[in-house]
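Peer 1: Dumping the structure here so I can ask a few things about it.
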Amino acid sequence: MTTTMVTTTLAGMAAPVLFKAACPDCRGRFELASDAFRLAIGASSRTTFYSFTCPDCRRAVRRPAGERIVELLTGGGVRTLRLHTG
């Protein structure tokens, strides 16, 4: 995943951040706005992931998220869920 930072403003509002993503099922490649993603941060790398719905085939996609991906997604305004164990 890569991110495209949009720095232009329109009427005083920043444009949304777009992320490049791909679907492992249909192999579609596309750009999605930050509100199309969800990020779950767990206690380990196995429980930290991001997800989105492929706009081409409509399948749910879930991918692991390492430290750099977490940094990019949170910096781009993606909604984050922190998973707790107890």
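Peer 1: Using θ = phi - 60° and the Karplus relation 6.51 cos²θ - 1.76 cosθ + 1.60, list the HN-Hα couplings for the stretch 48-57 in order, rounded to whole Hz, with x at every Gly or Pro.
Peer 2: 10, 7, 10, 9, 7, 9, 5, x, 8, 9
Peer 1: From zero outward in steps of 10 Å, how is the percent of C-alpha pairs of the stretch 21-69 spread across the bins?
Peer 2: 26, 52, 21, 1
Peer 1: In addition: May I ask you to compute the full-extension gain from Lys20 to Ser44, defined as 0.36 nm times their residue separation minus their alpha-carbon distance, rounded to one decimal in nm?
Peer 2: 6.2 nm
Peer 1: Suppose each label sits 7 Å from its Cα in the direction of the beta carbon; what would the Asp56-Arg29 distance come out to in nanometres?
Peer 2: 1.0 nm
Since every read-out is calculated from the coordinates, none of them should be taken as a lab result. Note that this is a predicted model, so its numbers are computed, not measured. Glycine also receives a Cβ, built like all others from the backbone with ideal geometry; neighbour counts cover every protein chain displayed.
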